[in-house]
Amino acid sequence: MRLSREQSREETRRKLLASASELFAERGVNGTSIEQIAERAGYSRGAFYGNFDGKHELVVELLTRRTEREREEIIELCGQATSSAHLTDLLRAWHRDRAEHREGWLALRLELLLYALRNPEIRPLLAERELLAREAIADGVRRELTRRDARPPADPNLLSMIIHALEDGLLVQGLLTPGDVGDHTTLDAVTLLLDSWAALDTLGRA
């Protein structure tokens, strides 16, 4: 089946983004050229500029798509869950699948953070992507504590930031001491936090 012009353009952008994601993780954002991105994707330099104004725009698009995809996946899992135990099982499977690409994802995330550090103008865009992720986590915290008939011990937005920072920290720890961080360590840590927060509400009502 022949792709429409819009479908073909989207496929080209998808391949360029996938190529950039691999190269950024391998060589860093600054160490990767537009020619290398286009070549690995199987396109010319002209095809790259037919879809992106430059590497800066591509980085923003990469950030946007990755964050929105993970947000949609978490929302879908929360919607599928019929109980706290079911949600835990779904999240364990999700984390297990992600574990295969943990090192590549951490390398890419750190490279994008370094890029934002060196290019202050992109920081608000990176912050916007982070807020999307934290909003999804905050929704999950509210939903889970409601399932447990518990009230959040603090603003869910603060709790989501704590969880998000915990996830980032465990990614780094998993790289440095892989024997201490398994596929389910992040979920176990988040579950421990949720259990503690629910228990605080129970104690407060006693």
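Would you list the P(r) distribution for region 55-206, with all Cα-Cα distances sorted into 10 Å bins from 0 and each bin expressed as a whole %?
Each 10 Å bin holds this share of Cα pairs: 10, 37, 35, 15, 3, 0.
I need the calculated FRET efficiency for the pair residue 128 and residue 157, taking r as the beta carbon distance and R₀ as 22 Å, to the nearest 0.05. Write down the numbers at each step before the final one.
Details: r = 15 Å, r/R0 = 0.67.
The calculated FRET efficiency here is 0.90.
Would you work out the charge dipole size for the chain about its Cα centre, treating the Cβ of every Lys and Arg as +1 and the Cβ of every Asp and Glu as -1, and quote it to the nearest 20 debye?
Values: 29 positive and 35 negative charges, 79 e Å.
The dipole of the chain has a size of about 380 debye.
Under 12 Å from a point placed 7 Å out from the Cα of residue 9 along the Cα-to-Cβ direction: which residues of region 34-78 have their backbone N that close?
50-52
Please report Rg (one decimal) and Dmax (integer) in Å for the Cα set of region 110-173.
14.2, 45
Using a 1.4 Å probe on the protein heavy atoms, what percent of the accessible area of the chain belongs to carbon and sulfur? Could the numbers behind the result be given before it?
Working: 6290 of 11750 Å².
Carbon and sulfur: 54 percent of the exposed surface of the chain.
Taking +1 at the Cβ of each Lys and Arg and -1 at the Cβ of each Asp and Glu, which of 8, 138, 20 sits farthest along the dipole of the chain towards its positive end, judged by Cα position relative to the Cα centre?
About the Cα centre, the residue reaching furthest to the positive side is 8.
Quick check: convex hull of the Cα atoms in region 23-102, volume per residue, rounded to a whole Å³? Please list the in-between numbers first.
On the way: hull volume 8.9 nm³, N = 80.
With only Cα atoms used, region 23-102 gives 111 Å³ per residue.
Tell me, what is the percent relative contact order of the chain, built from C-alpha pairs under 8 Å that lie six or more residues apart?
On the way: 151 pairs, mean separation 42.2, N = 206.
RCO, the chain: 20 percent.
Please give the per residue accessible area of the chain, computed with a probe of 1.4 Å over protein heavy atoms only, in Å². Numbers along the way, then the final one.
On the way: 11750 Å² over 206 residues.
Accessible area per residue, the chain: 57 Å².
Identify the residues of region 11-33 with backbone N under 14 Å of a label point that sits 7 angstrom from the Cα of residue 45 along the Cα-to-Cβ direction, or state none.
Under cut-off, by backbone N: 33.
Can you give me the distance in nm between label points at residue 199 and residue 27, each placed 7 Å from the Cα along the Cα-to-Cβ direction?
Calculated label separation equals 5.1 nm.
The values are calculated or read from the model by the stated rules, or taken from the named source; none is laboratory data. Keep in mind that what you see is a predicted model, and the values were worked out from it rather than measured. Positions of Cβ are generated from backbone atoms using ideal geometry, with glycine treated the same way; all protein chains shown enter the neighbour counts. The accessibility values were calculated without ligands, DNA or RNA, using every heavy atom of the protein model including side chains. Shrake-Rupley method; radii C 1.70, N 1.55, O 1.52, S 1.80 Å.
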